[in-house]
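One structure below.
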Amino acid sequence: MAQRDYVSRGRSTQKKKPASQGKKTAANAQMNSSASPKLPIIRLVGVFALVIGFGAFLWSIKDNVEEDVDTQAARPVAPTEEALPELPEEEWEYIKTLPGYEVEVEVKEQEKSDKRYLMQCASFRTRAQAEEMKAKIAFQGLEALIRHSTGSNGDWFRVILGPFESKRDAEKAKHSLRKVNIATCQIWYWNL
């Protein structure tokens, strides 16, 4: 899309003219200045004529108003309370029948797993970064641990949460951390 220069759009550019044309431009300026005052006077006379014409039009139509306007606005009178029929007594059946209904739901008990879960949210090269992530997690009401591990590719500081007794508890903690933009957490079996 082409870019437009809106700033200099309304500015006029004046070019410098040679000195020989200076006398001609002064004469033209006097002619233009004498013609320009007539233009606003003509406009004012035109606006004044339009206002007078509009006033005359309103004056001419003021006598043509219909007198039946009040009859159209009149509304029929609502009947009084005495004219209304008596309300029939309604009997609600569900009030009597609902207490007799019972719904049986079979709920399977959750199987207790002998495995526990952990959630790793980050792994950093420096302990300071791991401490910062631990602080963010602590603001959500969860307690995180920092585990140091050394491997073939150097030292790492892992930020983990847990142990959780069920995967559902770990998922709940994971969703609460997503609210503060910590979406890198992974759930694993606890094997530390």
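The values are calculated or read from the model by the stated rules, or taken from the named source; none is laboratory data. All values reported here derive from a predicted model rather than from experimental measurement. With ideal geometry, Cβ positions are generated from the backbone for all residues, glycine too; neighbour counts draw on all protein chains shown. Please note that ligands, DNA and RNA were not included when accessible areas were found on the heavy atoms of the full protein model with its side chains. Shrake-Rupley method; radii C 1.70, N 1.55, O 1.52, S 1.80 Å.
Accessible surface of His148, taken over heavy atoms with a 1.4 Å probe and every protein chain present, rounds to 100 Å².
Students sometimes get this wrong: rank Leu118, Leu44, Leu142 by accessible area, probe 1.4 Å, all chains present, largest first.
On the way: Leu118 5, Leu44 125, Leu142 45 Å².
Final ranking, largest accessible area leading: Leu44, Leu142, Leu118.
Structural descriptor for segment 116-192: relative contact order 45 percent, calculated from alpha carbon pairs under 8 angstrom and at least 6 residues apart. Among the protein heavy atoms, those of Trp156 account for about 70 Å² of accessible surface (1.4 Å probe, every chain in place).
The Cβ shell under 11 Å around Lys174 holds other residues with a net charge of +3, Lys and Arg each +1, Asp and Glu each -1.
Coupling constants for segment 162-172 follow from the phi torsions by the Karplus curve (6.51 cos²θ - 1.76 cosθ + 1.60, θ = phi - 60°), and in residue order they are x, x, 10, 6, 9, 5, 4, 5, 5, 5, 4 Hz; glycine and proline get x.
Full extension of the segment from Phe48 to Ser60, taken as 0.36 nm per residue of separation minus the current Cα-Cα distance, would add 2.5 nm.
Taking a ≥ b ≥ c as the square roots of the eigenvalues of the Cα gyration tensor of segment 109-154, is the shape rounded (a/c under 1.5), prolate (a/b larger than b/c) or oblate? Don't skip to the end; give the middle numbers.
Working: a/c = 4.17, a/b = 1.49, b/c = 2.81.
It comes out oblate by the Cα gyration axes.
Extension gain, His148 to Ala128: 0.36 nm times the residue separation minus the Cα-Cα distance gives 6.0 nm.
So how exposed is Tyr189, as accessible area in Å² (1.4 Å probe, rounded to 10)? We get 120 Å² for Tyr189.
Summarising the amide proton neighbourhood of Ala122: residues at separation of 5 or more, or on other chains, whose placed amide H is nearer than 5 Å comprise Val159.
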